[in-house]
Every structure is written in C-alpha cells, then in structure tokens.
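For reference, the structure discussed in these notes is given below.
A short reminder: the numbers here are calculations on the coordinates, not readings from a lab. Everything quoted here is computed from the prediction, not taken from an experiment. Neighbour counts are summed over all protein chains in view; Cβ atoms, including those assigned to glycine, are modelled from backbone coordinates with ideal geometry.
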C-alpha cells in the first residue's frame, strides 16, 4: 500500500525559493506565470498487511510528526 | 489556473535522502514502512487568460526544461 504525502508552506508564509524559481523561469522566457511555490513530496511504501485505515493513520502521523513543520507547513496525505 | 508539478527520481535511481528518512522514522518507532522516496512538488499559478490546453503545454515545458533533470527524474503535471 502506498501513501503519498504533500507538504507545502502555509499560504501566509513567504516562499523565497518559489520566488527565485519564478524569476528564473521568467528570465528563460516563460511568461503568464503569476506565482510559483515549492513544496515537498514523499512516496511511502507501507507493508501490504496494513489495511487502508491503519495505513492512513500511520502516514498521517508520520506527516504531522516528522515530515512537516506544523508551524509553517501544511500537509496532505493520499492513500492508494 | 493552477498547475501542480510532481518531480520524482526515476525508479532505477538510488534515493539516499529517502533512505535516510526511512531510517530516521524507524528509529522514532514507526514500523511497517517498506520504502520512502522523496520528490519535489511545485504549485504554479498561471494567468487566468490561458486556456487549459496552453496552460498544460506551458507547465509541461517548464517541468521538462527547468524543474526536472530528465536524466534521473520523472515528472507529472496536473492542471486544475
């Protein structure tokens, strides 16, 4: 069973890395770009003996306690 | 219009960062984890005057030419 965890900065937090990417792609000729924000993405392969419920709980706990900083970041978990 | 770009290492490429995360979460008491791989995630806000077709083309080109290294990474683009 696979969990996908997306970690993004909260909307109120400035993202200088995203701004740098936006500036660079504009210099490279891409236009029509209003904003770029960078986040992190994790693919977690869980043991197949877990059911969906416990896989989700385990991935949510990992996202909250380890993979994200809840002060400045949001996370989202998908199980598939 | 918003594009989401996911960049992941190709399956054949070793991911030492993911292995380090996996080792750390196991030390913290998480078990039933078979594998962790880390990728990058970008949210790109595009001008609303673009239609879905040209937004997708623009985001795909940016993912291919700027945001990923096609030698070792795969990318996936979603438009919403």
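Screening B:34, B:3, B:20 for residues that are in contact with a strand residue (DSSP E or B) (Cβ under 7 Å, 6 or more places away or on another chain) and either free of Cβ contacts under 8 Å to residues at least 60 places away in the same chain or within 9 Å of chain A (Cβ to nearest Cβ) (or both) leaves exactly one candidate, B:34.
Only one of the numbered conditions (1) closer than 21 Å to residue B:63 by Cα; (2) more than 9 Å from chain A (Cβ to nearest Cβ); (3) without any contact (Cβ under 8 Å) to a residue 40 or more places away in the chain is not met by residue B:26, and that is (1).
Scanning segment A:37-55 for residues that are within 7 Å of chain B (Cβ to nearest Cβ) and in contact with a strand residue (DSSP E or B) (Cβ under 8 Å, 6 or more places away or on another chain) returns A:37, A:38, A:39, A:40, A:41, A:42, A:43, A:44, A:45, A:46, A:47. The number of residues in segment A:6-17 being surrounded by fewer than 15 Cβ atoms within 10 Å (Cβ to Cβ) and either touching a residue at least 40 places away in the same chain (Cβ under 8 Å) or not in a helix (DSSP H, G or I) (or both) comes to 5. If you go through segment A:59-80 and keep only what is under 16 Å from residue B:25 (Cβ atoms) and touching a residue at least 40 places away in the same chain (Cβ under 8 Å), you end up with A:59, A:62, A:63, A:67, A:68, A:75, A:77. Please work out if residue B:3 is buried (at least 20 other Cβ atoms within 10 Å of the Cβ) and over 28 Å from residue A:60 (Cα atoms). No.
Under the condition of being touching a strand residue (DSSP E or B) at 6+ places or on another chain (Cβ under 6 Å) and more than 8 Å from chain A (Cβ to nearest Cβ), the residues counted in segment B:56-71 number 5. Residue A:75 falls short on exactly one of the conditions (1) more than 9 Å from chain B (Cβ to nearest Cβ); (2) closer than 20 Å to residue B:17 by Cβ; (3) not in a strand (DSSP E or B), and that condition is (3). Identify all residues within segment A:27-56 that are loosely packed, with under 13 Cβ neighbours inside 10 Å and in a helix (DSSP H, G or I); write none if there are none. Scanning segment A:27-56 gives A:27, A:52, A:53.
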